[in-house]
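Structure provided below as structure tokens; questions to follow.
The values are calculated or read from the model by the stated rules, or taken from the named source; none is laboratory data. Remember, it's a predicted structure, so these values are computed and weren't measured experimentally. Virtual Cβ from ideal backbone geometry, glycine too; neighbours counted across all protein chains shown.
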């Protein structure tokens, strides 16, 4: 192992805050990683880290060496991007993170197509509903739903996030079809709730032209912190719910679901889907995968076809 590689390991240890996390990131044994850092310190003739049983901290020399480690990593990364631009086909490892349900329904499909098309590629997919640190955790692509706050990342918009108000046919048989928002909110609802995020309110308007929307709050008969269970509960008739179209995964006819209040207006969209990555000049590997993903979901994203005539509703 050369000094550039050991500097890269040192950088991971500092960014992850522990040997264990850095070793997990590198898929290597903790003791092996620790040994390489000690060799680096021996080669440089200076201590880089102050170690205790609970924490790590940089020495003054370590702070300066850290800057060089960051520079070395950037130089190597830039070199790989230059070299890869001359290859005819993508190759190498692509590390991707995505929200769990979005990854299961759409990212996985794109990966299957991509890896068959480009057999010299390897992909690591991490599904996580937490917003992970793309740079520190060394992801090449992160899929995000909603606004991208990190100015250090490049964001490529993929599609708008659109919604519908849905109920099962059995629910309608029991409670009837609500004709107005006033009638709707009197009925039992199913909605997503996790930590401080409670999705039990929705703006509804008479029409979208005048832009006048009123925020309506639902009565929660069942609240759950898993998106797939929200859909399952709506299908079983526990309550109506508001769902992002992408969560459906298939046409609502297969689930015996019906859209409600389609003659009322909903906001045009609730945020958007983005692919974010750390470089303004991404590698061909990143570009080709995002091209494949966009082809997989379509110019008009496939989830907007899950409700027939959706384009004419909620306007």
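Being part of a loop (DSSP other than H, G, I, E, B) and in contact with a strand residue (DSSP E or B) (Cβ under 7 Å, 6 or more places away or on another chain) is the filter; apply it to the range 291-315 and report the residue that is farthest from residue 245 (Cα to Cα). Walk me through it before giving the result.
Residues of the range 291-315 part of a loop (DSSP other than H, G, I, E, B): 298-301, 306-309, 313-315.
Next, only the ones that are in contact with a strand residue (DSSP E or B) (Cβ under 7 Å, 6 or more places away or on another chain) stay: 301, 307, 313-315.
Values: 301: 10, 307: 8, 313: 13, 314: 13, 315: 16 Å.
Selected residue: 315.
Taking residue 289 and the conditions (1) assigned by TED's automatic domain parsing to the domain that holds residue 97; (2) in contact (Cβ under 8 Å) with a residue 12 or more places away in the chain; (3) closer than 25 Å to residue 112 by Cα; (4) surrounded by fewer than 17 Cβ atoms within 10 Å (Cβ to Cβ), which numbered condition does it fall short on, given that it satisfies the others?
Only one criterion in (1) assigned by TED's automatic domain parsing to the domain that holds residue 97; (2) in contact (Cβ under 8 Å) with a residue 12 or more places away in the chain; (3) closer than 25 Å to residue 112 by Cα; (4) surrounded by fewer than 17 Cβ atoms within 10 Å (Cβ to Cβ) is unmet by residue 289, namely (4).
Are any residues in the range 188-236 part of a loop (DSSP other than H, G, I, E, B), surrounded by fewer than 15 Cβ atoms within 10 Å (Cβ to Cβ) and modelled with pLDDT under 90, and if so, which ones?
So in the range 188-236, the residues part of a loop (DSSP other than H, G, I, E, B) come out as 195-196, 199-200, 206-212, 218, 225-226.
Going one step further and asking which of them are surrounded by fewer than 15 Cβ atoms within 10 Å (Cβ to Cβ), we end up with 195-196, 206-207, 209-212, 225-226.
Result: 195, 196, 206, 207, 209, 210, 211, 212.
What about residue 240, is it in contact (Cβ under 8 Å) with a residue 12 or more places away in the chain, buried (at least 19 other Cβ atoms within 10 Å of the Cβ) and farther than 21 Å from residue 160 by Cβ? Give the steps one after another, and end with the answer.
Values: in contact (Cβ under 8 Å) with a residue 12 or more places away in the chain: yes; buried (at least 19 other Cβ atoms within 10 Å of the Cβ): yes; farther than 21 Å from residue 160 by Cβ: yes.
So residue 240 fits the description; yes.
So, one more: Taking residue 126 as meeting all but one of (1) part of a loop (DSSP other than H, G, I, E, B); (2) surrounded by fewer than 16 Cβ atoms within 10 Å (Cβ to Cβ); (3) under 14 Å from the mean Cα position of the chain (by Cα), write down the number of the exception.
Exception for residue 126: condition (1).
Quickly run through the range 162-187 and pick out the residues that are touching a helix residue (DSSP H, G or I) at 6+ places or on another chain (Cβ under 9 Å) and surrounded by 16 or more Cβ atoms within 10 Å (Cβ to Cβ).
Answer for the range 162-187, where residues must be touching a helix residue (DSSP H, G or I) at 6+ places or on another chain (Cβ under 9 Å) and surrounded by 16 or more Cβ atoms within 10 Å (Cβ to Cβ): 162, 163, 164, 165, 166, 167, 168, 171, 178, 187.
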